[in-house]
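The values are calculated or read from the model by the stated rules, or taken from the named source; none is laboratory data. Since the structure is predicted, the reported quantities are computational estimates derived from the model, not experimental observations. Cβ: placed from backbone, ideal geometry, glycine included. Neighbour counts: every protein chain shown. Heavy atoms of the whole protein, side chains included, go into the accessibility calculation; ligands, DNA and RNA do not. Shrake-Rupley method; radii C 1.70, N 1.55, O 1.52, S 1.80 Å.
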Amino acid sequence: MKIIAPFIIWLAAVPAFNPRLVANEEQICVSEEEKKLYALIMEYRKSKKLKKIPLSAKLMKTAQTHARDLGDNYTWEPGAECNPHSWSDKGNWTSCCYTGDHKQAECMWIKPKEIADYDSRGYEIAYYDSRNGTAEEALKGWKKSPGHNSLIVNLGTWKDVEWKAIGIGFYKEYGVVWFGELEDDEKPKECK
């Protein structure tokens with residue numbers, strides 16, 4: 001049985017930097033599936049006459065770290081108290097249970113700064129597919145979700161926001177994309 005569940009994170013307030021080691025820097029690279037999702041998102045934005053968003057090494061690190069944490073430590077269940085914007089206590093980061101009432105939102109919102117020293121707000125959309133998700137399925141699901149779609153193509157709450165950085169992570173059944181308003185001069189490498 002295929003289960004797809006898109007999620008979105010709203011405003012992100014980023015407090016002081018808390019250094020952490022996620023993975024070896026050589027591991028922060030763009031995989032084929034991540035590259036494909038990036039191309040699909042940019043093609044979709046272009047069809048809406050929107051600018052291309054540059055890939056960010058810092059948001060890639062945040063996205064890949066969260067996708068790995070979800071894949072290794074989170075069990076997706078419909079209606080679960082902690083949704084996929086939660087972080088486990090299995091890493092060198094602040095853990096939290098992100099609930100639908102957004103009471104633990106601060107814990108999520110600090111992740112780009114906490115994980116990668118990205119000095120601006122971050123916004124996440126997350127995807128789950130029990131068969132190991134693909135770029136096409138992720139974007140297809142997000143397009144059907146008004147909250148996700150509006151973030152991707154700058155509608156509603158996001159209409160006056162200019163995305164200047166994006167990071168993508170795929171691992172096992174999870175895909176996540178982080179959007180940011182601050183440019184990141186550091187670009188990720190392609191995986192070999």
Original post:
So is residue 91 crowded, with 22+ Cβ neighbours inside 10 Å and of a type in the set (Gly, Ala, Ser) or not?
Top reply: no
**OP:** Mind listing whichever residues of the stretch 19-49 are of a type in the set (A, V, I, L, M, F, W, C), at pLDDT 95 or above and open to solvent by 50 Å² or more (accessible area, probe 1.4 Å)?
**Re:** 39
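Yes or no: the stretch 162-184 includes at least one residue that is in contact (Cβ under 8 Å) with a residue 60 or more places away in the chain, in a helix (DSSP H, G or I) and at negative phi.
So far as the stretch 162-184 goes, no, none of its residues is in contact (Cβ under 8 Å) with a residue 60 or more places away in the chain, in a helix (DSSP H, G or I) and at negative phi.
Looking only at the stretch 139-177, which residues are of a type in the set (Lys, Arg) and open to solvent by 70 Å² or more (accessible area, probe 1.4 Å)?
Of the stretch 139-177, the ones of a type in the set (Lys, Arg) are 140, 143-144, 159, 164, 172.
Hits for the stretch 139-177 are 140, 143, 144, 159, 172.
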**OP:** May I ask you to list the residues in the stretch 115-124 that are of a type outside the set (Ser, Thr, Tyr), modelled with pLDDT of 90 or more and surrounded by fewer than 24 Cβ atoms within 10 Å (Cβ to Cβ)?
**Re:** 117, 119
Original post:
Quick check: is even one residue across the stretch 130-146 part of a strand (DSSP E or B), among the aliphatic types (A, V, I, L, M) and more than 15 Å from residue 69 (Cα to Cα)?
Top reply: no
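Taking the stated definitions as given, is residue 78 open to solvent by 30 Å² or more (accessible area, probe 1.4 Å), modelled with pLDDT under 90 and more than 16 Å from the chain's Cα centre (by Cα)?
Numbers: open to solvent by 30 Å² or more (accessible area, probe 1.4 Å): yes; modelled with pLDDT under 90: yes; more than 16 Å from the chain's Cα centre (by Cα): yes.
When the stated conditions are applied, residue 78 passes them.
Quick one: in the stretch 50-69, which of the residues that are open to solvent by 20 Å² or more (accessible area, probe 1.4 Å) and aliphatic (A, V, I, L, M) is nearest to residue 126 (Cα to Cα)?
Initially, the stretch 50-69 is screened for residues open to solvent by 20 Å² or more (accessible area, probe 1.4 Å), giving 50-52, 54-55, 58, 61, 64, 68.
Applying the additional criterion that residues be aliphatic (A, V, I, L, M) yields 50, 55.
Working: 50: 22, 55: 17 Å.
Here the answer is 55.
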**OP:** Give just the number: which of (1) open to solvent by 20 Å² or more (accessible area, probe 1.4 Å); (2) more than 22 Å from residue 84 (Cβ to Cβ) does residue 131 not satisfy?
**Re:** (2)
